[in-house]
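*Asks:* Questions regarding the structure given below will be posed in turn.
The values are calculated or read from the model by the stated rules, or taken from the named source; none is laboratory data. Here the structure is a predicted model, which means the values were calculated and not measured. For accessibility, only protein heavy atoms count, side chains too; no ligands or nucleic acids. Shrake-Rupley method; radii C 1.70, N 1.55, O 1.52, S 1.80 Å.
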Amino acid sequence: QVQLVESGGGLVQPGGSLTLSCAASGMPYSFISMGWYRQAPGKQREMVATINSSARTNYLDSVKGRFTISRGNAKNTLYLQMNSLKPEDTAVYYCNADRQYINGYTYGPYWGQGTQVTVSS
């Protein structure tokens, strides 16, 4: 069974930094596309950043220049470096692995359980 587990969330002051990590287990292949999403109270879940197997990235406009998504050397690990954090970045952050088809089987999409990021003084 595939599981995604996030870590690294917490409370940080405005202007501070955090790094989120995601580790996937149970997947026999490398995910082609992974990403980070977030959901603030009373709002819909939104894409924060995605990265594919060619290292092509895509970012939410409001985090461009502040957040960096990357994949680790270990298979199916994912990071999100968040700098210059703002109170509006406060949300639950979720790791995602996109759906893919391999040898007639469908894998995903998969979601982690989420990690809380709170930006407040």
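*Asks:* In percent, what relative contact order does segment 58-117 have, based on Cα pairs under 8 Å that are 6 or more apart in sequence?
*Replies:* On the way: 65 pairs, mean separation 14.7, N = 60.
Once divided by the residue count of segment 58-117, the mean separation gives 24 percent.
*Asks:* Expressed as a fraction of 2.2 N^0.38 Å, the rule-of-thumb size for a compact globular protein of N residues, what is the C-alpha radius of gyration of the chain? Let's see the in-between values first.
*Replies:* Working: Rg = 14.2 Å, N = 121, 2.2 N^0.38 = 13.6 Å.
The chain yields a ratio of 1.04.
*Asks:* Right, here's the next one. Can you sort R38, R71 by 1.4 Å-probe accessible area, starting with the largest? Show your work: numbers first, answer last.
*Replies:* Values: R38 15, R71 65 Å².
Ranked list, largest accessible area first: R71, R38.
*Asks:* How do Y93, Y107, Y79 rank by accessible surface area computed with a 1.4 Å probe, from largest to smallest? Spell out each step's value before the answer.
*Replies:* Working: Y93 0, Y107 40, Y79 85 Å².
The residues order as Y79, Y107, Y93, largest area first.
*Asks:* Still on this structure: Suppose accessible area is computed on protein heavy atoms with a 1.4 Å probe; arrange V48, V2 from highest to lowest. Walk me through the numbers on the way to the answer.
*Replies:* Values: V48 0, V2 25 Å².
The most accessible residue leads, giving V2, V48.
*Asks:* For Cα pairs less than 8 Å apart in space and 6+ apart in sequence, what is the mean separation divided by the residue count of the chain, i.e. the relative contact order in percent?
*Replies:* Working: 291 pairs, mean separation 42.4, N = 121.
Reported relative contact order: 35 percent.
*Asks:* Take the alpha carbon atoms of segment 1-76, find their center, do the same for segment 85-104, and report the distance between the two centers in whole angstrom.
*Replies:* 5 Å
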